[in-house]
Structure formats: C-alpha cells, structure tokens
Amino acid sequence: QVQLVESGGGLVQAGGSLRLSCAAYGRTFTADAMAWCRQAPVKEREFVAAIGWSGGSTIYADSVKGRFTISRRNAQNTVYLQMNSLKPEDTAVYYCAAAQIISVKAGGYDYWGQGTQVTVSS
C-alpha cells in the first residue's frame, strides 16, 4: 500500500510559477512509476507528466511540454512538478498518481492522492 499526499498548490498570476510536491508514505512494490494528472470542472481527468522508477525517463503531455518539469528524489519517495509560464487553462485540481508501469493516460494509474488546487488568474 502507498499513501500519496500533494502540496504546493495555490493561486498564481498568469506567467508565474508553482512547484507541486507529492510525498509517498509506505513502501511501493507495484507502484514504481509516478505521475501528475489534473482535472478541471466538467472535464475528464487528464495526464500531465510521468516519471519512471529510476527518475531517468520522463513523459509530458503536449499541453505542458516545455513549461512543466517532473522530477523525483529522496530515494524515489518524493515527486515534484515544477510549473512555469502558467496559463489560466492550467487551472485544475492536480493529483499525484502511481503505478507499476508508466502510462500516458490517467486511467493507467492505480494509486491517487487527494489532489491540490492550482488556480491561475488572468
């Protein structure tokens, strides 16, 4: 079992930056790939970025490529999402997720945090 807890969300102006953190509690055995997904009101949860178990493989959604950076450290128990050049359309609840195998779709992840709100003002 693993518990994922996100932090770092908040209100930021367009063009600004935020860094989200995800702390994983408990040992992971089948949940070595970590990801960030987001969900805006009346929209489906969408994949944002993922990182493999070693931290060397990363994947990004086209909508955030070049602006967001995913990383992990602390013995792979903490995952970060550095968000730069934020846009109003980035406004959503951001969720940390985990799975055994890296995926580019939100449905590919088995474990989820409770989410942290990111609001980007115009």
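Annotations for the structure displayed:
- Simple Cβ-charge dipole of the chain, Lys/Arg +1 and Asp/Glu -1, about Cα centre, in debye nearest 20: 200
- ³J(HN,Hα) computed for each position of the stretch 105-119 - Karplus, 6.51 cos²θ - 1.76 cosθ + 1.60, integer Hz, glycine/proline x: 10, 4, x, x, 10, 9, 10, 9, x, 8, x, 9, 7, 10, 10
- Cysteine residues of the chain whose C-beta has no other cysteine C-beta under 4.7 angstrom: C37.
- Length released on extending from S85 to T119, taking residue separation times 0.36 nm less the Cα-Cα span: 10.9 nm
- Subtracting the Cα-Cα distance of Q3 and E44 from 0.36 nm times their residue separation leaves 12.5 nm of extension gain.
- For the stretch 5-19, 3J(HN,Hα) computed residue by residue from phi via the Karplus equation (6.51, -1.76, 1.60; θ = phi - 60°) reads 10, 8, 7, x, x, x, 9, 9, 6, 3, x, x, 9, 9, 10 Hz, glycine and proline entered as x.
- Taking amide H positions as modeled 1.01 Å from N, with prolines and chain starts lacking one, the residues under 5 Å from L86 and 5 or more places away or on another chain are G15, G16.
- The candidates Y25, Y95, Y60, Y111, arranged from most to least accessible area with a 1.4 Å probe in the full protein assembly, appear as Y25, Y111, Y60, Y95.
- Exposed trypsin sites (Lys or Arg not before Pro) absent - longest run of the chain, DSSP non-H/G/I/E/B, at most 16 other C-beta within 10 Å: 68-104
- Extension gain, R67-D110: 0.36 nm per intervening residue step, less the Cα-Cα distance, totals 12.9 nm.
The values are calculated or read from the model by the stated rules, or taken from the named source; none is laboratory data. None of these values were measured; they are calculated from a predicted model. Note that each Cβ is placed from the backbone with ideal geometry, even for glycine, and that neighbours are counted across all protein chains shown. Areas reflect the complete protein model, heavy atoms only, side chains present, ligands, DNA and RNA absent. Shrake-Rupley method; radii C 1.70, N 1.55, O 1.52, S 1.80 Å.
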